[in-house]
1. Can you confirm whether segment 104-122 contains a residue that is among the aliphatic types (A, V, I, L, M), modelled with pLDDT under 95, in a loop (DSSP other than H, G, I, E, B) and open to solvent by 40 Å² or more (accessible area, probe 1.4 Å)?
2. So is GLU158 over 25 Å from THR258 (Cα atoms) and out of contact with any Pro (no Cβ under 8 Å at 6 or more places or on another chain) or not?
3. I'm told VAL41 meets every condition in (1) part of a loop (DSSP other than H, G, I, E, B); (2) under 24 Å from PRO404 (Cα atoms); (3) open to solvent by 30 Å² or more (accessible area, probe 1.4 Å) except one. Can you identify the failing condition by its number?
4. Does ALA248 count as at pLDDT below 95 and buried (at least 24 other Cβ atoms within 10 Å of the Cβ)?
5. Does LYS320 meet the test of being open to solvent by 60 Å² or more (accessible area, probe 1.4 Å), under 36 Å from the mean Cα position of the chain (by Cα), among the basic types (Lys, Arg) and modelled with pLDDT under 85?
6. Only residues that are within 24 Å of GLN122 (Cβ to Cβ), under 17 Å from the mean Cα position of the chain (by Cα) and either open to solvent by 10 Å² or more (accessible area, probe 1.4 Å) or without any contact (Cβ under 8 Å) to a residue 12 or more places away in the chain (or both): list them for segment 251-274, please.
7. Please enumerate the residues belonging to segment 44-87 that are part of a loop (DSSP other than H, G, I, E, B) and closer than 29 Å to LYS149 by Cα.
8. For segment 140-183, enumerate the residues that are in a helix (DSSP H, G or I), farther than 20 Å from ALA86 by Cα and of a type in the set (Asp, Glu).
Amino acid sequence: MKGGCGKLGISLFSQVWHKQRYRKKMTHWFHRNPLKATAPVSFNYYGVATTPAATKVCNDLRLSRTRLLELFTDSSCNPEMMKNAADLYFSLLQGFILSLDDSSQECKLRYIQNFKWTDTLQGQVPSAQQDAVFELVSMGFNVALWYTKYASRLAGKEDITEDEAKDVHRSLKIAAGIFKHLKESHIPKLITPVEKGRDLEARLLDSYIIQCQAEAQEVTIARAIELKHNPGLIAALAYETANFYQKADQTLSSLDPTYAGKWRKYLNLKSCFYMAYAYCYHGQTLLASDKCGEAIRSLQESEKFFAKAEALCKEYGETKGPGTTAKPSGHLFFRKLGSLIKNTLEKCQRENGFIYFQKVPAEAPQLELKANYGLVEPVPFEFPALNTHWTPETVAAFDLTKRPKDDAAKPKPDEEVKPLKEPDIKPQKDSGCQIS
């Protein structure tokens, strides 16, 4: 919207954070699906790994994988710890995937190990592939999911600092970048096609990407409101965010509601919630332009969307399925908007009764709002380079002819997939957030 951008610079988010320290509570609540679970992997290739260097890289793989899995459920883990652990494991795992001579020929070790992973929506029923690329994308998916959960956890702190709020915003953009990279660059390399409704399918990945972008924009909107930026800009950002949520919901529409129903309720209620925000702030813009009748109609439309969001909050709480359980309508983020709409509408009605005497249109104004600032793009992501422990000599030291012939066929007793016990973190008092 032309009048809504003022003289803001290229990055709205960086500017609103630059102006003052963040002192108030964040007013966000995010739905989170469970982490993926996986079977243990020993990387023990007795007789196959024929030199100490080959044995060492296998030990490093086992230890780094175990450490990374531990961090997923460690509530004290921060992004630096996660990045270091993930980079170490992925740099080692690349030795099973990349050719050392930069040729198009795939690494001979790619299919040496069977990996099992569950899905975020389909419970503890695992998928298994004897393919290191499957491990790469599955573990990468969990890393991205961890960043979303870290953001949710941080947003629930009662007295969040400026740096912590920036971390929420940054973590969501990093997660979106990881999901995007997996979808575009690595999942297409899988030999076995992705099953419908599984995490690695395009529909689910697209929804995760869009949800991350939308939630990061929520943080930008909150800061723009806090610093009293132009209502036109806030309305445009809210409208864009509502459309993000609607797009994510529509992307999941063809999935089995048994698995995706609860997630879709969240996306739908957030879409209605931010449409209510958009009409509320658009009404303020209209009032400032002496269009009081149109402003009243815009606020009335805001009330309608808020009522829809309120009904969806109840439905969300009653819907069974994967994900967090909460009563969103009781959270601060929800209550604040209801009060804002009510107060703004009453103000417009008073002004119209004393000053403007304008007719209230029958049709709600069409929102054709475009935010030129503050829109979120995923942070580009690349897997780390191959670990220096991988040399041509190390790869050559794996003698695949010495593998037992029935090695792949027999299930190992240690391959049972156990659910990850995620941290049981409760929201701080009146934080307005649900922690996953």
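The values are calculated or read from the model by the stated rules, or taken from the named source; none is laboratory data. All values derive from a computational prediction rather than experimental measurement. So basically every Cβ, Gly included, is an ideal-geometry build from the backbone, and we count neighbours across all protein chains shown. For accessibility, only protein heavy atoms count, side chains too; no ligands or nucleic acids. Shrake-Rupley method; radii C 1.70, N 1.55, O 1.52, S 1.80 Å.
1. Scanning segment 104-122 turns up no residue that is among the aliphatic types (A, V, I, L, M), modelled with pLDDT under 95, in a loop (DSSP other than H, G, I, E, B) and open to solvent by 40 Å² or more (accessible area, probe 1.4 Å).
2. Values: over 25 Å from THR258 (Cα atoms): yes; out of contact with any Pro (no Cβ under 8 Å at 6 or more places or on another chain): yes.
Yes, satisfied.
3. The failed condition is (3).
4. Values: at pLDDT below 95: no; buried (at least 24 other Cβ atoms within 10 Å of the Cβ): yes.
Here the answer is no, as ALA248 does not meet what is asked.
5. On the way: open to solvent by 60 Å² or more (accessible area, probe 1.4 Å): yes; under 36 Å from the mean Cα position of the chain (by Cα): yes; among the basic types (Lys, Arg): yes; modelled with pLDDT under 85: no.
Answer is no for this residue.
6. The first filter runs over segment 251-274 and keeps only residues within 24 Å of GLN122 (Cβ to Cβ), leaving 251-270.
Remaining after also requiring under 17 Å from the mean Cα position of the chain (by Cα): 251-252, 260, 262-270.
Within segment 251-274, THR251, ARG264, LYS265, ASN268 qualify.
7. In the first step, residues of segment 44-87 are kept if they are part of a loop (DSSP other than H, G, I, E, B); the result is 44-48, 50-51, 73-78.
Of everything in segment 44-87, those that are part of a loop (DSSP other than H, G, I, E, B) and closer than 29 Å to LYS149 by Cα turn out to be THR73, ASP74, SER75, SER76, CYS77, ASN78.
8. GLU162, ASP163, GLU164
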